[in-house]
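**Student:** Please read through the structure below; I'll follow up with questions.
No value in this document is a laboratory result; all are computed from the given coordinates. Computed from a prediction, not measured in an experiment: that's the story for all the values here. For neighbour counting, all protein chains shown are included, and Cβ atoms are generated from backbone atoms with ideal geometry for every residue, glycine included.
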Amino acid sequence: MTELKLPSIDYAALAPILIMLGVALLGVLVEAFVPRRHRHLVQLVLALAAVLAALVMVAVHSDDRLLTAGGAIAVDGPALFLQGAILILAAMALLLIGERSVERGGAFVAQAAVTAESVDDRRQAEGRNGATEVYPLTTFAIGGMLIFVAANDLLTMFIALEVFSLPLYLLCALARRRRLLSQEASMKYFLLGAYASAFFLFGVALVYGFTSGIPGRAAGVDFATVHAAVTESPASPVLLFAGMALLSIGLLFKAAAAPFHVWTPDVYQGAPTPVTAFMAACTKVAAFGALLRVFHVAFSGAAWDFTPVLGVVAVLTMLVGAVLAVTQTDIKRLLAYSSIANAGYLLVGVLAPSRDGLSGTMFYLVAYGFSVLAAFAVVTLVRDADGEATHLSRWAGLGRRSPFFAGIFTFILLAFAGIPLTSGFTSKFAVFAPALDAGQAWMVIAGVLTSMVLAFPYLRVVVMMWLSEPGDATPTVTVPGGLTAAALMIGVAATLVLGVAPAPLLDLATGAAEFVR
Amino acid sequence: MSNFPFLSVLTVAPLVGALVVAFLPRWRPELAKQVAFAWSLLVLVLSVIMWITFQAGGDRFQFRESYSWIPAWGVNFTFATDGIALVMLMLIAVLVPLVILASWHDAESSKRSVPVYFALLLVLECTMIGVFAAADVFLFYVFFEVMLVPMYFLIGSYGGHQRQYAAVKFFLYSLVGGLFMLAAVIGLWVVGGKTFDWQALTQVDISTGTERWLFLGFFLAFAIKAPFFPFHTWLPDAGGAAPAGAAALLVGVLDKVGTFGILRYCLPLFPEAAKWFAPWALALGVIGIIYAALLAVGQNDLKRLVSYTSIAHFGFIGVGIFAFTTQAGTGAVLYMLNHGLATGLLFLVVGMLIARRGSALINDFGGAGKLVPLLAGVLFFAGLASLALPGTAPFISEFLVLIGTFTVNKPVAVIATLGIILAAAYVLWMVQRTTQGTLNPALTEVEEMRRDLNLREKVVVAPLIALIVLLGFYPKPVTDVINPAVQATMDDIGRTDPAPTVGGVQEAQR
């Protein structure tokens, strides 16, 4: 019997992860011991402090390039860059989650267990303070995402996937209003997510089986072994291809790529808007971070095999997102389809096998995250007596009622449409240029064509807001509390700055764009 | 003085002015108008100084400035102007103050903020100057796309009938072209060794197939912008719905970006492809001349009619560019300037008529000359300039285009000449139906129709009339500036003029 040795663990390099998970546990204790009226403040401060502390640790360790915990975690450029991105975006999402002045009691239900639409439910919707469990759940999810983008073997990646997915399923069900919709969204997300996880796990098993074929080397699911097996193994690649396909399904599900996107509109619509914002920004970063690592590190030797297939997925994703966005009448669903199309553009970047492709994708993730958070922040503000007014027809004439917020939303939509001087344009350039450089002109053409289609729904919203006359049903825009205002302003400022002066972040991304194997 | 950063200052100045105007209080619209007008005059003064400083016989590109922007992609803020761009910059600087003056009361009829209207006009001026002054392909693309945004809101917020439809159509058409160009821009960047510098890119050797695709990407964007047949359908809608001042800028300047882009980007960057596609482009130009002129004859809406005449004129410009002779090229550039003046004037005058009558339909007029003789006279003059009557500036450019084309391609020149006859038809018939003939009794009941041009309107039309007449008799100051740039462009594509068959004309030009 071989002796088991404890792997050495670089706790300092893992600090961001440990901080987030530790504070999440602390948050559970706060739920148990701190009096109800103080919980909201304590939890919010605790969560924000944890994010900031983790961010500081990421910054301190930004030059680390190492494998730790027995090779299970890679602390390298992309991991640190994406962790930093997740933390900054998560901080903004936490600001939205913590907002309580826009709606009495916040966007979350007080007691999720009360039967939806019952008398009790209506009473709690009136203004009882929302559940504070959302903070530990969010913090757990952030912690899971931090592991997900740094995981250096497939099993760790799977654990991380579950760690950040399970809290998200719950968070989706916690909307204060339209609870049936929210619960349905959660249920859908959970069931489909469970399937996706199962696919992922099957894929891991098949890849493990494939790696056993290398002579003189033990089987394993760490990326170095997988990489070696892909390049050296004499075994038939059937297992590898099947494993890769199943793994991809699991990851593409989280990334909301077609044809694994069907949950996205329902979940984005049903979930409380701050959670939707969190998912649209942070989950996207995490999912694409994992995709980048899996395809650039583990399977890079099989690039010839997976690029055409994933290229088709990318084109399909863009098409589905763009074409279906045209028909949407609900702003949250519209943004959901737009996020699907954006997943397609991101995939184009993932498939560009170069340092520029990697850095461009990471740049895109950050830029898109800021814009989409700001977009959902505006959605939380447009409301009437029944909560958010998300039907597009209700936004008619908004520009007349509150030109400031309509102006901001217009700016974000122009960014989504890829108009220059916004981050939407620079980020599109950042992924299209390496793709064309790699000779994948067909994906770029598809990207350009779908961008045109996608411009139409964005423009329709702009027309709604500015060129239509306000009606009786036009809701007012609530004056945001400090938290939402802060998140909104950061998002808009980042969208502008990354469009006008993208050089610093691009340099940062380029400097970080090298994986440790 | 030639070290003064003219181009960047000219680009930024209107933007600063726009910010100032936008934040002026809404309840003091007069102040906003005055500030906007003063600001645009300032830009005009600066442009005039630049024009004087420009050395016509000097380097091809002058006033070059370059600042690093995105080093990772090799993007710089590079500005430089050749004679062609200089003429267009001058046209912008002249037109914007006049448009602001002409639009004095336009924004009041809509319920929207008056300062914002004038701020948008200044933003538009900033992007228009930037697009002509850019010498970096990326920078050019940025201005090319951003230009859409102010125009979109000018049409959509302050326009007339069907403004929403027209604004969205304008935006989507332009965006489609722009995105194709984006793909081509990225492609050019990849094959050109990851630089966006115009001068460096002209030196790059591109394989034939790639070159043709890239040419098409750029050409499509410019053909939609110009617009050439069959990409023109957005212009009558946009021109018909836009407020008269914005429409004057739209066809007067904005659309020239298309023809300018072909001259500056398509020909020098992809010379072989340009020659390969030239017959097709000539065909589009000729079809545009005839087709748009026929449609113009049938229009009953004044602004749409003027829009169609512009499409016909853009056909001439396209023919002039793709004939690949210096004469035709100079004629095309001169045409761009003269068309901006003549059609700008026509749009503004038509706008004055429409503002008085409250309708753009020709049937609602008739004999208006008896009520507003001066206005009718100016309309007649603008019409004559538009049909290229000898003695007006457009005649010289149209003539140059035709003789320059005739030396190399007789059929095209002959068919294009038919366009002149049709031009006489649509202009004279329009003038006759609106201002001549028996007085439409309904007109006498409109109080506004009894007021002839006021001082403000006279100030608007006078400089344009003066310029059209002046350049009609003495175009030399402009041709001196244009000629070397066109010559250089022809050198870029390796075309020399055929031996002159009518020797005197070339002599006269020199």
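**Student:** I'd like the orientation of helix B:83-102 relative to chain B: the angle between its Cα long axis and the longest Cα principal axis, in ° from 0 to 90, rounded to 10.
**Tutor:** Rounded to the nearest ten degrees, it is 20.
**Student:** Now, a different point. Just to be sure I understand the model, the point goes 7 Å from the Cα along the line to the Cβ. What's the resulting B:L19 to A:D507 distance in nm?
**Tutor:** 2.4
**Student:** Assuming R0 = 25 Å, what is the FRET efficiency of A:Q111 and A:V479, from their Cβ-Cβ distance, to the nearest 0.05?
**Tutor:** On the way: r = 29 Å, r/R0 = 1.14.
Approximately 0.30, to the nearest 0.05.
**Student:** Still on this structure, I have one more. Give the separation of the Cα centroids, the stretch B:380-456 to the stretch B:271-286, in Å.
**Tutor:** The stretch B:380-456 and the stretch B:271-286 have Cα centres separated by 28 Å.
**Student:** Sticking with this one: Compare the peptides A:270-278, B:449-457 by average per-residue count of other Cβ atoms within 10 angstrom and give them in order, highest first.
**Tutor:** Working: A:270-278: 28.4, B:449-457: 14.1.
Top of the packing list down: A:270-278, B:449-457.
**Student:** Averaged across A:417-430, how many Cβ atoms of other chains sit within 10 Å of each residue's Cβ atom?
**Tutor:** On the way: counts 4, 5, 8, 12, 5, 1, 0, 0, 5, 4, 0, 3, 9, 3.
Mean number of neighbouring Cβ atoms from other chains: 4.
**Student:** For peptide B:67-76, what's the mean number of Cβ atoms from other chains within 10 Å of each residue's Cβ? Don't skip to the end; give the middle numbers.
**Tutor:** On the way: counts 0, 1, 4, 9, 3, 13, 8, 0, 4, 0.
Rounded to a whole number, the mean comes out at 4.
**Student:** Given the peptides B:196-202, A:462-468, B:27-33, arrange them by the average over their residues of other C-beta atoms within 10 Å, most packed first. Show your work: numbers first, answer last.
**Tutor:** Working: B:196-202: 18.0, A:462-468: 21.7, B:27-33: 15.6.
Order by mean packing, descending: A:462-468, B:196-202, B:27-33.
**Student:** Sticking with this structure for a sec: Where the convex hull is taken over the Cα atoms of chain B, what is its projected area averaged over directions, in nm²?
**Tutor:** On the way: hull surface 86.7 nm².
Averaged projected area of chain B's Cα convex hull equals 21.7 nm².
**Student:** List every residue whose amide H lies under 5 Å from the amide H of B:D301, counting only residues 5 or more places away in sequence or on a different chain, with H placed 1.01 Å from N in the peptide plane.
**Tutor:** Distant-sequence amide H within range of B:D301: B:I362.
**Student:** How many nm is it between the label spots at B:L46 and A:A198, if each spot is 7 Å from the Cα in line with the beta carbon?
**Tutor:** 6.7
**Student:** If you fit an axis through the alpha-carbon atoms of helix A:284-293 and take the longest principal axis of the Cα set of chain A, what angle between them do you get, 0 to 90°, nearest 10?
**Tutor:** Orientation of helix A:284-293: about 10 degrees from the principal axis.
**Student:** Per residue, how much space in cubic angstrom lies within the convex hull of the C-alpha atoms of chain A? Each step should come with its number before you reach the end.
**Tutor:** Values: hull volume 70.4 nm³, N = 517.
Hull volume over Cα atoms, normalised by residue count, gives 136 Å³.
**Student:** For the peptides B:403-413, B:221-231, what is the packing order when you average, over each peptide's residues, the other Cβ atoms within 10 Å and list the highest mean first?
**Tutor:** On the way: B:403-413: 20.0, B:221-231: 24.9.
Most protected by this proxy first, the peptides run B:221-231, B:403-413.
**Student:** Would you mind checking which residues have amide H under 5 Å from A:I73's amide H? H placed 1.01 Å from N; only 5 or more apart, or other chain.
**Tutor:** Under 5 Å from the amide H of A:I73: A:T68, A:N152.
**Student:** Rounded to the nearest Å, what's the spacing between the alpha carbon centres of the stretch A:176-203 and the stretch B:70-135? Just the number, please.
**Tutor:** 51
**Student:** Enter the mean number of other protein chain beta carbons within 10 Å of the beta carbon of each residue in A:458-470, as an integer. Mind showing how you got there, number by number?
**Tutor:** Numbers: counts 0, 7, 1, 0, 7, 7, 1, 0, 7, 11, 1, 1, 0.
Mean inter-chain Cβ contacts per residue within 10 Å come to 3.
**Student:** What is the extension gain from A:W442 to A:L191, computed as 0.36 nm multiplied by their sequence separation minus the C-alpha to C-alpha distance, in nm to one decimal? Let's see the in-between values first.
**Tutor:** Working: separation 251, 0.36 × 251 = 90.36 nm, distance 3.49 nm.
Full extension from A:W442 to A:L191 adds 86.9 nm.
**Student:** Also, quick follow-up: Name the long-range amide H neighbours of A:V516: under 5 Å, sequence gap of 5 or more, or other chain; modelled H, no Pro or chain starts.
**Tutor:** Here the answer is A:G77, since their amide H atoms fall under 5 Å of that of A:V516.
**Student:** Note down, for the protein assembly as shown, the three equivalent ellipsoid semi-axes (square root of 5 times each alpha carbon gyration tensor eigenvalue), biggest first, whole angstrom.
**Tutor:** Numbers: eigenvalues 655, 234, 101 Å².
Each semi-axis is √(5λ); the values are 57, 34, 22 Å.
**Student:** Between the helical axis of B:302-322 and the dominant principal axis of chain B, each derived from Cα atoms, what acute angle in degrees is found, rounded to the nearest 10?
**Tutor:** In chain B, helix B:302-322 runs at an angle near 20 degrees to the longest axis.
**Student:** Along Cα→Cβ, 7 Å out, is where each label goes; now give me the distance between the ones at A:R355 and A:T327 in nm to one decimal.
**Tutor:** Using points 7 Å along Cα→Cβ, the separation is 4.6 nm.
**Student:** With θ set to phi - 60°, apply the Karplus curve 6.51 cos²θ - 1.76 cosθ + 1.60 along the stretch A:496-504 and write out the HN-Hα couplings as whole Hz, x wherever there is a Gly or Pro.
**Tutor:** Result, rounded to whole Hz: 6, 5, 5, x, 8, 10, x, 4, x.
**Student:** Can you give the FRET efficiency for B:S66 and A:V119, using 1/(1 + (r/R0)^6), R0 = 56 Å, r = Cβ-Cβ distance, to the nearest 0.05? Kindly include the intermediate steps, with their values, before the conclusion.
**Tutor:** Working: r = 71 Å, r/R0 = 1.27.
Calculated value: 0.20.
**Student:** Using only DSSP helix segments of four residues or longer, with each worth -39500 (n - 2.57), what per-residue ellipticity at 222 nm results for chain A after dividing by its residue count and rounding to 500? Mind showing how you got there, number by number?
**Tutor:** Values: 21 runs with 354 residues, N = 517.
Helices in chain A give a 222 nm mean residue ellipticity of -23000 deg cm²/dmol.
**Student:** Let me ask something else about it. For a 19 Å ceiling on Cα separation, which of these pairs sit above it: A:K284/A:K428; A:K188/A:K332; A:K428/B:K194; A:K428/B:K256? List each step's numbers first, then the result.
**Tutor:** Values: A:K284/A:K428 16 Å; A:K188/A:K332 17 Å; A:K428/B:K194 16 Å; A:K428/B:K256 27 Å.
In this structure, A:K428/B:K256 exceed 19 Å between Cα atoms.
**Student:** Now for a separate question. Can you tell me the length gained on complete extension of the stretch A:R65 to A:R36, counting 0.36 nm per residue apart and subtracting the Cα distance?
**Tutor:** On the way: separation 29, 0.36 × 29 = 10.44 nm, distance 4.36 nm.
Extra length available between A:R65 and A:R36 comes to 6.1 nm.
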